[in-house]
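A short reminder: the numbers here are calculations on the coordinates, not readings from a lab. Because the structure is predicted, anything quoted here is derived from the model rather than measured. Cβ coordinates were reconstructed from backbone atoms using ideal geometry, including for glycine residues, and neighbour counts include every protein chain displayed.
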Amino acid sequence: MDILVELTELKNSRLLRDENEVEKFEKSIGNILEMEDVNNIEVLCQGFDDLTENDEVMFGLIHAIESYDKIVSSEVSLKVLANSIPKMIPHAKEWLKILHKRILNHEPSRNIYKKIIPTLNNDIQKYVVSQLTSIKERNPSRFEESVNSILDFLK
C-alpha cells in the first residue's frame, strides 16, 4: 500500500458527506493501520476536519490513533501525535481539543504528555498551552486539576 495514496483518499473524503465518502474514509484508516507504522499517526491526523458531517465516524479516527498504544509505547505514540499538531491546524482545532481532553482524562497519558510538550517547537508548545488553558476555562470543574498538573510541570 502507498501511504500517499491513502493520505489523499483520507483527505478527500474527510468531510464524510455521504456513504461513499464514509466507506473510502474508513477503508483508508484500515489500510493505514495495517501498515503498523507509528509515524502514520501524522497521516491519520490529516483526516480530521471540524466541518465533517459525521462525528461518529471521526471518533473512529481517534480510536485508530489510540490503537498505536498497542504496538508501541504511549511515549512514542504521544510524541508522534504531538509533532503532528501542525497538520491539524487550522482545519481541525476542535478535534485536536477532543484529543487533548482524552489525554487530560487519562492520567498515564497526561503524565507522559506533559514531559513531551517541552520537547516540541515553541509555536506548538504555545498552541498546546493555549488550547489546554481554553479547555480548563470552559470546564474548570472537570479539567482544572489535570490542566494545572501539566501547566505547573511546564513552569
Filtered GluC sites (Glu not before Pro), the range 25-134: DSSP coil and at most 15 other beta carbons within 10 Å: Glu36, Glu53
Note, ³J(HN,Hα) from phi for the range 81-89, Karplus 6.51, -1.76, 1.60, rounded to Hz, x at Gly and Pro: 4, 4, 6, 8, 3, x, 6, 9, 10
0 to 90° range, to nearest 10: angle between helix 93-104 axis and the chain longest Cα axis: 60 degrees
Three principal axis lengths of the chain [C-alpha, angstrom, descending]: 46, 30, 25
J(HN,Hα) series, the range 30-46, from Karplus relation 6.51 cos²θ - 1.76 cosθ + 1.60, nearest Hz, glycine and proline x: x, 5, 5, 5, 4, 5, 6, 10, 4, 5, 6, 4, 4, 5, 4, 4, 6
Calculated from backbone phi, Karplus (6.51, -1.76, 1.60) coupling profile of the range 141-155 in Hz, x at Gly/Pro: 5, 8, 10, 4, 5, 5, 5, 4, 4, 6, 4, 5, 5, 7, 5
DSSP-assigned coil residues among trypsin sites (Lys or Arg not before Pro) in the range 1-90, each with at most 14 further Cβ atoms within 10 Å: Arg17
Sum of -39500 (n - 2.57) over DSSP H runs of 4+, divided by residues of the chain (222 nm, nearest 500): -21500 deg cm²/dmol
The chain: relative contact order as a whole-number percent, Cα under 8 Å and 6+ apart: 19 percent
